[in-house]
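S.K.: Let me give you the structure first, and then I'll get to my questions.
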Amino acid sequence: MKARIDAILQREQAEYLDALLPPSDALLQEMEAYAREHKTPIADREVALFLEITARTTNTRRILEIGMAIGYSVIHFARGMNGNGIVVTVEPDNEMIGTAEKFIERAGYTNHVRVERGRALDVLPRLRETFDLIFIDALKEEYAEYLELSLPLLRAGGVVLADNLLWGGQVATVERNEKQKTSTEAIREFNRRFVNHPQLRAVVLSVGDGLGYAVKL
Ligand SMILES: C[S@@+](CC[C@H](N)C(=O)[O-])C[C@H]1O[C@@H](n2cnc3c(N)ncnc32)[C@H](O)[C@@H]1O
């Protein structure tokens, strides 16, 4: 339990933790620069490390990702599996897929990644395979549906991760951005369902932009 509700994530602590992270290698730095330049949303560095650590500690071999962008999280997952598993990732944007494929090839993981082209709500119902870990990171308004569609594919004891559950802090206060009103309310509803889900033991961690972390019962 926190000593005080505001004892952890004050600006100084957040900046300290950020500065403490080891530097990214050359390929990841290039991806981070590409994302900044093209305003492509990729995982926070500490979230990406958390993904890699989780893949390593849970002896994961099969990962389902919803929302790939340029492949930054995919490469962390593949590294976490030591090149032994597969990441199946759902992405509808052809330009993102083209860019991601080049980065993934340079990272040496082409044979460990399968891209399912299309929107998750179309792709997920046609998947017939089992996963050890699911990572939800696409449209916030659809998170609840992604969870329900992907949970039957997750083995018991498998892990669910979901990014941006604090949504820039907006879920706990008021929307700063009128355009994000719908997505903020959707994330609030998702968070309530996620932590009370009868098939999960789940928490929302204050890592990065808020990271959901759950195990399937
Ligand atoms: C936040 S980014 C993913 C970041 C990536 N997981 C990472 O950490 O590097 C969200 C991605 O979801 C994709 N996306 C948008 N609509 C989608 C949909 N309906 N189904 C699946 N992915 C979608 C976007 O094109 C974008 O690339």
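The values are calculated or read from the model by the stated rules, or taken from the named source; none is laboratory data. These numbers come from a predicted model, not from an experiment. Using ideal geometry, Cβ is built from the backbone for each residue, glycine included, and neighbour counts are taken over all protein chains shown.
S.K.: Select from the stretch 60-87 the residues that are free of Cβ contacts under 8 Å to residues at least 60 places away in the same chain and under 15 Å from LEU161 (Cα atoms) and write down the one among them that is farthest from the ligand (Cβ to nearest atom).
M.R.: Here the answer is GLY80.
S.K.: Something else now. Considering each of ALA14, ALA33 in turn, give the residue that is among the aliphatic types (A, V, I, L, M), over 16 Å from the mean Cα position of the chain (by Cα) and under 16 Å from LYS102 (Cβ atoms).
M.R.: ALA33
S.K.: Across the stretch 60-83, which residue is farthest from PHE131 (Cα to Cα) among those that are of a type in the set (Val, Ile, Thr) and assigned to a helix (DSSP H, G or I)?
M.R.: Ranking the qualifying residues of the stretch 60-83, first place goes to ILE75.
S.K.: Follow-up question, since we're still on this one. Would you please name the residue that is farthest from the ligand (Cβ to nearest atom), looking only at residues in the stretch 19-48 that are assigned to a helix (DSSP H, G or I) and buried (at least 19 other Cβ atoms within 10 Å of the Cβ)?
M.R.: So, considering only residues that are assigned to a helix (DSSP H, G or I) and buried (at least 19 other Cβ atoms within 10 Å of the Cβ), the one farthest from the ligand (Cβ to nearest atom) is LEU28.
S.K.: Within the stretch 160-214, restricting attention to residues that are at pLDDT 90 or above, of a type in the set (S, T, N, Q) and surrounded by 15 or more Cβ atoms within 10 Å (Cβ to Cβ), which residue is nearest to ILE42 (Cα to Cα)?
M.R.: ASN164
S.K.: Another question, if that's okay. Just one of ILE134, ILE104, ILE97 is surrounded by 13 or more Cβ atoms within 10 Å (Cβ to Cβ), at pLDDT 95 or above and part of a strand (DSSP E or B); which is it?
M.R.: ILE134
S.K.: Does ASN111 satisfy the criteria of being farther than 14 Å from ALA43 by Cβ, part of a loop (DSSP other than H, G, I, E, B) and either under 17 Å from the mean Cα position of the chain (by Cα) or not charged (D, E, K, R) (or both)?
M.R.: For ASN111, the condition - farther than 14 Å from ALA43 by Cβ, part of a loop (DSSP other than H, G, I, E, B) and either under 17 Å from the mean Cα position of the chain (by Cα) or not charged (D, E, K, R) (or both) - is not met.
S.K.: Could you check the stretch 1-33 and list, in sequence order, the residues that are at pLDDT 95 or above and acidic (Asp, Glu)?
M.R.: Across the stretch 1-33, the qualifying residues are ASP25, GLU30, GLU32.
S.K.: Working only within the stretch 155-187, note down all residues that are on the phi > 0 side of the Ramachandran plot and in contact (Cβ under 8 Å) with a residue 40 or more places away in the chain.
M.R.: GLY157, ASN164, TRP167, GLY168
S.K.: Look at VAL115 and say whether it is more than 24 Å from LYS39 (Cα to Cα), aliphatic (A, V, I, L, M) and buried (at least 19 other Cβ atoms within 10 Å of the Cβ).
M.R.: no
S.K.: Is the stretch 51-59 home to any residue that is touching a helix residue (DSSP H, G or I) at 6+ places or on another chain (Cβ under 8 Å), in a loop (DSSP other than H, G, I, E, B) and away from the ligand (no atom under 11 Å from the Cβ)?
M.R.: no
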